[in-house]
Amino acid sequence: MRIKVLQVGPIGTNCYLIENELAHTAVVVDPGGHAGRILTTAKADGVTIQAVLLTHAHYDHTGGVAELREALPGLPVYLHPDDAALLGTQIFPDVSPVTPCVDGQDIQVAGLTFHVLHTPGHTPGSVTFQVEDVLLTGDTLFQGSMGRTDLPGGSYAQIMASLAKLGKLKGDLQVLPGHMDLSTLDRERATNYYMKEALGG
């Protein structure tokens with residue numbers, strides 16, 4: 001598995017191209033914009049994009065969906081139902097149709113397995129995807145911080161529960177957030193004030 005990080009969209013959202021080099025396939029996580037650059041990167045790497053996974057439905061994470069679909073008709077887009085219910089309102093652009101993904105589900109795509117962890121708080125339908133030893137945390141967990149809870153559908157109590165859920169996972173997993181720098185779960189457990197609060201530390 002190979003991972004490419006691209007800063008895309010109006011505020012430089014981290015978009016991830018998760019590549020299966022053996023199968024020459026890939027999954028895009030949070031294409032917030034610059035779909036052309038995502039497609040160019042995939043072509044240069046010799047991989048075919050087989051799905052889009054959305055950690056949540058805010059515009060800065062979904063801005064490239066329509067253009068990717070134009071280039072790749074029938075491309076499935078996975079989104080938690082709690083965010084799908086908000087599509088077309090406020091800061092949730094309508095990217096339907098979407099394929100639902102729920103807590104505990106394993107999405108088998110591109111020869112990889114993405115385990116879904118429902119981690120609400122930033123939005124009602126925020127999720128974290130785990131693939132191998134990598135956590136794609138969207139706007140739930142950042143390096144040294146966490147996502148905002150003052151936007152529509154946000155909840156401080158929920159994001160605290162979500163941070164506790166992530167913090168209790170076993171192993172020093174890689175943390176690939178929706179914004180800012182990459183991290184590790186051990187680092188966040190030791191230094192992230194919000195995660196420490198969530199874990200009762």
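The values are calculated or read from the model by the stated rules, or taken from the named source; none is laboratory data. Note that this is a predicted model, so its numbers are computed, not measured. For neighbour counting, all protein chains shown are included, and Cβ atoms are generated from backbone atoms with ideal geometry for every residue, glycine included. Note: areas computed on protein heavy atoms with side chains; ligands, DNA, RNA excluded. Shrake-Rupley method; radii C 1.70, N 1.55, O 1.52, S 1.80 Å.
Worth pointing out:
- The residue of the stretch 20-36 that is surrounded by the most Cβ atoms within 10 Å (Cβ to Cβ), among those that are over 18 Å from SER126 (Cβ atoms), in contact with a strand residue (DSSP E or B) (Cβ under 6 Å, 6 or more places away or on another chain) and free of Cβ contacts under 8 Å to residues at least 40 places away in the same chain, is GLY33.
- Qualifying residues in the stretch 172-201 (those that are among the acidic types (Asp, Glu) and within 29 Å of VAL28 (Cβ to Cβ)) - the one nearest to the chain's Cα centre (by Cα): ASP181
- Output for the stretch 168-188, where each listed residue is assigned to a helix (DSSP H, G or I) and crowded, with 19+ Cβ neighbours inside 10 Å: LEU185, GLU188
Residues checked against (1) more than 30 Å from ILE159 (Cα to Cα); (2) touching a helix residue (DSSP H, G or I) at 6+ places or on another chain (Cβ under 6 Å):
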position: PRO31; (1), (2): no, yes
position: GLY46; (1), (2): yes, no
position: ALA57; (1), (2): no, yes
position: ASP60; (1), (2): no, no
position: HIS80; (1), (2): no, no
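- When restricted to residues that are charged (D, E, K, R), open to solvent by less than 20 Å² (accessible area, probe 1.4 Å) and part of a loop (DSSP other than H, G, I, E, B), the stretch 83-118 contains 0.
- Filter result (in a helix (DSSP H, G or I) and closer than 16 Å to ARG2 by Cα) within the stretch 27-38: ILE38
- Scanning the stretch 7-19 for residues being surrounded by fewer than 20 Cβ atoms within 10 Å (Cβ to Cβ) and in contact with a Ser or Thr (Cβ under 9 Å, 6 or more places away or on another chain) gives a total of 1.
- Among the residues of the stretch 133-152, at least one is within 19 Å of VAL52 (Cα to Cα), modelled with pLDDT of 95 or more and among the polar types (S, T, N, Q).
- Qualifying residue in the stretch 59-66 (condition: part of a strand (DSSP E or B), surrounded by fewer than 24 Cβ atoms within 10 Å (Cβ to Cβ) and within 12 Å of the chain's Cα centre (by Cα)): no
- The one condition from (1) surrounded by fewer than 20 Cβ atoms within 10 Å (Cβ to Cβ); (2) closer than 20 Å to GLY63 by Cα; (3) at pLDDT 95 or above that ALA157 does not meet is (2).
- The one condition in (1) in a loop (DSSP other than H, G, I, E, B); (2) closer than 25 Å to ASP172 by Cα; (3) in contact with an Asp or Glu (Cβ under 6 Å, 6 or more places away or on another chain) that GLY121 fails to fulfil: (3)
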